[in-house]
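Down below is the structure, laid out as structure tokens.
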Amino acid sequence: MVILSFNFQQNQTQNNGTGRYCPSCGRYIGHYDICPYCGARVKTRVSLKALAILALIIAVSGTVALYYAANVEPPKINIEDITPEMNYARVRITGYAVSSASYDEATGRIYFRMVDEEMTYNEEFGTNVISVYIYHPTSRDLLEEGKIPVTGDKVEVVGTLKVRDYISLTINYPEDLVIKREKPVDVTLDDLMADWESYLGKSVRITGWITRYSDKGTMLLAGIRDYYAETSEELSLYIPGIIVGGWLGELEKMGLGYKVEIVGNIWEYRGEPELIPWNATSISIVEPLKITPLSEIWANQEFYGNNNVYVLVNATILGHYKSGGTEVPNIIYINDESLQDYSLTLYITSYVWYYELNDTQREFLNTINEWILVFGQCTYYYSDTGKEFEIKVSSSTWLYFNVSSMVGG
Amino acid sequence: MDVLTGIGFVLFGVLVGALVSALPSVHIYNIAPIFILMAPIWGIPSDALIFFLLGNVIGFAVINSISTIYFSAPDDTTFVVLMPTQTMLINGRAFEAALLMGAGSLVGALFLIAISPFLLIILPSFLDVITFHLHWILAFFLFYILFSEFPKDIGTGKSPWQRFKAGWRNLAAGYLTFTLSALFGFFIMNGNLMPVDAAYFGMLPAFIGLFAISSLIMNILSRTRAPPQKIQKSVDATKLDIVKGGVAGFSGGLFAAIIPALTGGMGSIIAGQATGQREEAQFIVSIGASRFVYYVGAFFLMFLPGFRVVRGGLANLAATVYIPQRYTEFYIAVGGIALGSVLAFGILLVFAFVLSRYIHLVSYDYLSIAIIVLLSIIVYWTTGPIGLLVMVIGTAIGLIPLIFGSRRLHCMAVILFPLILNMAGLSDDFARLIGWRA
């Protein structure tokens, strides 16, 4: 047996009338039908030319047939169906993003995690979550289109499975990621907090005031309350890094006390509801923080105090609270032009007073008739004599020594 | 996991892998999933299974050359050595060919063990550097495949057209093979051809068709018998041939083990050209070394502690079960490679001895037909009817270089081309170019 590269001319036995030459090894074999040297059969041979033509026809037509056969929709599967033999399989999975996409600028990689829509559990890998990766240039295309999922988005992904000790899926084409966002439902905080599980995975539009704000750098965590709602519960707001980083539009400046309208998904975090906006433009400022006249606060103390409303006031220092004849420097009486006959109490927490303020600032706050721009939270102080209304300052940045420090907690 | 238990599992794995790998064209990647599935039933813990699989791949890397030498059923790493080993078989020197490949495996094992401590230091930084450049490294290799065809002999004929046809026939056949293989691979890897639960075996029918079945068909058409074989007591090679072949094979095999998509055969070809290989014995030794370092080295990279490198089909499969993390496991693996390679070489000698005594009694026609049937059953069992169709198309493409005398290396475009596109982020653009996407 020899594998030869044939010229077609060699396929024919050479017969000079007195005998033949073996077409395989080329030796003279006389009238033998089987070559005594290499064992090749001489009489019955397949035409290589015919084989060559057949091979070319099958190869070319087969490749063309594969072009059409391979270009079909990939099958839809659930996470529970995934087995190690599915490594490198191209599949379709529909489900929900359980983490907002993150973008690594150095590697050009987008990453998020998802569950399937039935939340099935894979016994073999002990998980119901798979990782989804998107690499450059597909990731760049998706960013330009703004087609990036956030937590709670319903997604349909098509990609190649990678099954090792974990399961991941790689999306290769931009059109293989589809984010299915329904028209958002207008919902009040009362309705939402009463039955938030029924809104899980749904799109909502909600309006409220920011009552908690924390900039972590790679994400923003905040809380939204509706002062006019029956519930005093706060809805957590999670703005992921992909939005904070400016990849999905420019985020408007906002902070405590701002009234905002947000369109986003309701999802669950540690057993509590969480609102995740779709992108930067789905967060709009309804009413930025503005100076509230003290007279308005005075007239509506119950509302402001019971709802712990955040206010910005421009007031003058009238004096300080005295306890047993001694002035308490961090409890200050203030009023403004709208509240001439009365005063309100401004309480700067002891920690802020003694550890965050410097001597100059403390001296300023001890000076009568000085004007001060203050951001604070309306609240009640409960003492032996009953409850007393005050505006509480919990951070040195809430005191106007520098205008720009008044925003953002 | 104590040392003796780990080594024991490696040696057991070598025995099992050797027995399985002696069967023509049976790849350890096809059998390993069965072992992984059965391991819990047999009571083999995951950390022991890894050593068993290491033994399997050692046995396969050494023993599977039997399939190429005696049964003319190569795989994607041994098709390059088919011609010289077949020539040796015809001349009654198949045993010597097996010895040369076995010697190459031993040299490869020796070098792999020697550099194993340095891999811990060098490899992480090396991979950090080359990872972002893999696509053009592979592209350069693709260009090498295409342009190393030149220079070619001039065509002869009476008319200019005949001379042109004669001069370009082989080249045209080679480039046609390259184009068809490239498209073939792209459709399989980027399309939805294979059943989802057999995706892991996606390229198996293609490789079997391109390399094994096409060779077996030519065997049948040749209608020859293997002559009686001699049992040589020495090989026609100098110490320099062994060393030079071993070094070239080791370099090529290590390169292929680290770079995805490259196989040991391709790595050895590059290394052979780089080291100016001329001798046939050197080439066979280099293929033996290259195969060993490629298969075993790729799997062994998984044992590097604190560094997650998963290369090769078997490592990808094993990683679904257990990834070694400790230095003790790393050094047990090194010891296992040393002892396992020697055991595998001994088994190779036994198999080669037995086959050399009786191969001339076997009719190659029937043997080749039996192997084709066996391979078809394997393909059908793993991938179903669509896999058989892919195998047939792959066979037709694989026959083109055999019939027209061009290089079979062009068939490696089946995996290189789609992988290069993927790494360069151009799969989408190519899909649009050919009209697969709008």
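The values are calculated or read from the model by the stated rules, or taken from the named source; none is laboratory data. Just so it is clear, the model here is predicted, and its values are computed rather than measured. FYI the Cβ positions are ideal-geometry reconstructions off the backbone, even for glycines, and counts take in every protein chain you see. Keep in mind that these areas ignore ligands, DNA and RNA; they rest on the heavy atoms of the full protein, side chains included. Shrake-Rupley method; radii C 1.70, N 1.55, O 1.52, S 1.80 Å.
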**Asked** Does residue B:24 satisfy the criteria of being over 16 Å from residue B:288 (Cβ atoms) and either open to solvent by less than 20 Å² (accessible area, probe 1.4 Å) or touching a residue at least 12 places away in the same chain (Cβ under 8 Å) (or both)?
**Response** yes
Conditions (1) surrounded by fewer than 21 Cβ atoms within 10 Å (Cβ to Cβ); (2) assigned to a loop (DSSP other than H, G, I, E, B) -> residue B:113 fails only (2)
Expected single match for under 18 Å from residue A:397 (Cα atoms) and charged (D, E, K, R) among A:356, A:337 is A:356
Output yes when any residue across segment B:75-97 is over 25 Å from residue B:218 (Cβ atoms) and surrounded by fewer than 24 Cβ atoms within 10 Å (Cβ to Cβ), and no when none is. no
Checked A:130, A:110, A:167 against criteria (farther than 18 Å from residue A:80 by Cβ and either open to solvent by less than 10 Å² (accessible area, probe 1.4 Å) or modelled with pLDDT of 95 or more (or both)); the one match is A:110
Expected output for segment B:74-102 (first residue within 11 Å of chain A (Cβ to nearest Cβ), partner open to solvent by 10 Å² or more (accessible area, probe 1.4 Å) and among the basic types (Lys, Arg), Cβ below 6 Å, 6+ apart or cross-chain) is B:79/B:408
Filter segment A:46-98 for residues that are farther than 25 Å from residue B:204 by Cβ and within 8 Å of chain B (Cβ to nearest Cβ); the one that is most open to solvent (accessible area, probe 1.4 Å) is A:46
* Hey, any hits in segment B:390-413 for a residue that's away from every other protein chain (no Cβ under 14 Å) and in contact (Cβ under 8 Å) with a residue 24 or more places away in the chain? -> yes
Reported set for segment A:322-377 where residues are in a loop (DSSP other than H, G, I, E, B) and more than 21 Å from residue A:300 (Cβ to Cβ) is A:324, A:325, A:349, A:357, A:358, A:366, A:367, A:368, A:369, A:370
Would you say residue B:416 is open to solvent by less than 50 Å² (accessible area, probe 1.4 Å), touching a residue at least 40 places away in the same chain (Cβ under 8 Å) and at the interface with chain A (Cβ under 10 Å from one of its Cβ atoms)? no
If you go through B:141, B:184, B:132, the only one that is within 13 Å of chain A (Cβ to nearest Cβ), within 27 Å of residue B:402 (Cβ to Cβ) and either within 22 Å of the chain's Cα centre (by Cα) or exposed (fewer than 14 other Cβ atoms within 10 Å of the Cβ) (or both) is B:184
In the set A:210, A:291, A:262, the lone residue that is farther than 29 Å from residue A:315 by Cα, aliphatic (A, V, I, L, M), touching a strand residue (DSSP E or B) at 6+ places or on another chain (Cβ under 6 Å) and modelled with pLDDT of 90 or more is A:262
*asked:* Given the criteria at pLDDT below 85 and either more than 26 Å from residue B:21 (Cβ to Cβ) or buried (at least 18 other Cβ atoms within 10 Å of the Cβ) (or both), does residue B:382 qualify?
replied: yes
Within segment B:27-48, of all residues that are open to solvent by less than 10 Å² (accessible area, probe 1.4 Å) and under 23 Å from the mean Cα position of the chain (by Cα), the one farthest from residue B:324 (Cα to Cα) is B:28
All-but-one check, residue B:376 against (1) modelled with pLDDT of 90 or more; (2) within 14 Å of another protein chain (Cβ to nearest Cβ), failing number (2)
Going through segment B:371-406 in order, the residues found to be more than 13 Å from residue B:198 (Cβ to Cβ) and more than 22 Å from the chain's Cα centre (by Cα) are B:389, B:403, B:404
Residue A:344 meets each of (1) touching a helix residue (DSSP H, G or I) at 6+ places or on another chain (Cβ under 7 Å); (2) open to solvent by 20 Å² or more (accessible area, probe 1.4 Å) with one exception, condition (2)
Across segment A:249-287, the tally of residues that are open to solvent by 50 Å² or more (accessible area, probe 1.4 Å) and within 21 Å of residue A:186 (Cα to Cα) stands at 6
Scanning segment B:419-438 for residues that are open to solvent by less than 40 Å² (accessible area, probe 1.4 Å), more than 8 Å from chain A (Cβ to nearest Cβ) and at pLDDT below 90 gives B:419, B:420, B:421, B:424
**Prompt:** Within the bounds of segment B:192-213, is there any residue that is of a type in the set (Asp, Glu), open to solvent by 20 Å² or more (accessible area, probe 1.4 Å), more than 28 Å from residue B:333 (Cα to Cα) and touching a residue at least 60 places away in the same chain (Cβ under 8 Å)?
**Reply:** no
Filtering strands (runs of 3 or more DSSP E) wholly in segment A:67-118 for at least 3 residues that are in contact with a Phe, Trp or Tyr (Cβ under 6 Å, 6 or more places away or on another chain) and not aromatic (Phe, Trp, Tyr) gives A:109-116
Result of the Cβ filter at 7 Å on segment A:364-378, keeping first residues that are free of Cβ contacts under 8 Å to residues at least 40 places away in the same chain and partners that are surrounded by fewer than 21 Cβ atoms within 10 Å (Cβ to Cβ), at least 6 apart or interchain, is A:364/A:370
Only one of (1) among the aromatic types (Phe, Trp, Tyr); (2) surrounded by 23 or more Cβ atoms within 10 Å (Cβ to Cβ); (3) over 23 Å from residue B:373 (Cβ atoms) does not apply to residue B:118, and that is (2)
In segment A:186-224, anything farther than 23 Å from residue A:255 by Cα and open to solvent by less than 70 Å² (accessible area, probe 1.4 Å) is listed as A:196, A:198, A:199, A:200, A:201, A:203
Among helices (runs of 4 or more DSSP H) entirely inside segment B:201-299, those with 1 or more residues being within 14 Å of chain A (Cβ to nearest Cβ) are B:204-207, B:214-222
Of (1) without any contact (Cβ under 8 Å) to a residue 24 or more places away in the chain; (2) in contact with a helix residue (DSSP H, G or I) (Cβ under 7 Å, 6 or more places away or on another chain); (3) part of a helix (DSSP H, G or I), residue B:173 satisfies every one except (1)
Filtering segment B:350-371 down to residues that are modelled with pLDDT of 90 or more and either in contact with a His (Cβ under 8 Å, 6 or more places away or on another chain) or surrounded by 15 or more Cβ atoms within 10 Å (Cβ to Cβ) (or both) yields B:351, B:352, B:355, B:356
